[in-house]
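Following: one structure in structure tokens, then a few remarks.
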Amino acid sequence: MSTGLKLDNPAGLPYTDYEREFDFPAAAVFRAHADAELYRQWIGPRGLTTRVEELDCRSGGSFRFVQHGDDGVEHAFRGVFHTVRADEFILMTFEYAGFPDVVTLEFTRFEDLPGGRCRLTGRSVYPDLEARERYVAGGMESGMSEGYERLEELLAGGPAQRPAADG
């Protein structure tokens, strides 16, 4: 059975650890991170529409996506994939345009578990504690939690998000 997001923000340290189990194999969960059309359908909190402008999930590749809600405010994100091992591991940078000069280094591991399930674990390393606290205060935990719920729904064949945003 899938588990909810476990998030740990250690006191006084500029990183966040996270873990979530899925009722799907690591290859399926990895593919949903690497395929632009799938990624668009689950990334971020409910109520936002995502436009993926670039998603080249390979070592040396990059990404950029933009999200917006009914208020019309856009939130842009970008980064570079440093190391990608299909179905196993992603090491990348992550930058939110709303927090200029704050680039996180992130890794995500995809581990197969018995019964066709997987465990996703990762760490986001921030330039300093203040930067991490800005992300936490901005709703990082609820956004990640809802996104992973939507990913589970997507893999189960359910409705993960609204229809695609135009260009």
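The values are calculated or read from the model by the stated rules, or taken from the named source; none is laboratory data. Since this is a predicted model, take the numbers as computed values, not measurements. Heads up, the Cβs are rebuilt from the backbone with ideal geometry, glycines too, and the neighbour counts pull from every protein chain shown.
All but one of (1) surrounded by fewer than 17 Cβ atoms within 10 Å (Cβ to Cβ); (2) modelled with pLDDT under 95; (3) hydrophobic (A, V, I, L, M, F, W, C) hold for Leu48; state the number of the condition that does not hold.
(1)
Looking only at region 104-154, count every residue that is crowded, with 20+ Cβ neighbours inside 10 Å and either more than 15 Å from the chain's Cα centre (by Cα) or more than 25 Å from Val84 (Cβ to Cβ) (or both) and tell me the total.
Here the count works out to 3.
Of all residues in region 117-148, which are touching a helix residue (DSSP H, G or I) at 6+ places or on another chain (Cβ under 6 Å) and closer than 16 Å to Gly12 by Cβ?
Selection gives Tyr126 alone.
Can we say Leu91 is surrounded by 17 or more Cβ atoms within 10 Å (Cβ to Cβ), at pLDDT below 95 and touching a His at 6+ places or on another chain (Cβ under 8 Å)?
When the stated conditions are applied, Leu91 does not pass them.
Which condition number in (1) within 12 Å of the chain's Cα centre (by Cα); (2) part of a loop (DSSP other than H, G, I, E, B); (3) of a type in the set (A, V, I, L, M, F, W, C) is the one that Phe30 fails?
With (1) within 12 Å of the chain's Cα centre (by Cα); (2) part of a loop (DSSP other than H, G, I, E, B); (3) of a type in the set (A, V, I, L, M, F, W, C) applied to Phe30, the lone miss is (2).
How many residues does region 46-94 contain that are among the β-branched types (Val, Ile, Thr), closer than 19 Å to Ala27 by Cβ and under 14 Å from the mean Cα position of the chain (by Cα)?
Looking only at that region, the number is 1.
Within region 3-22, how many residues are more than 17 Å from the chain's Cα centre (by Cα) and surrounded by fewer than 17 Cβ atoms within 10 Å (Cβ to Cβ)?
Here the count works out to 4.
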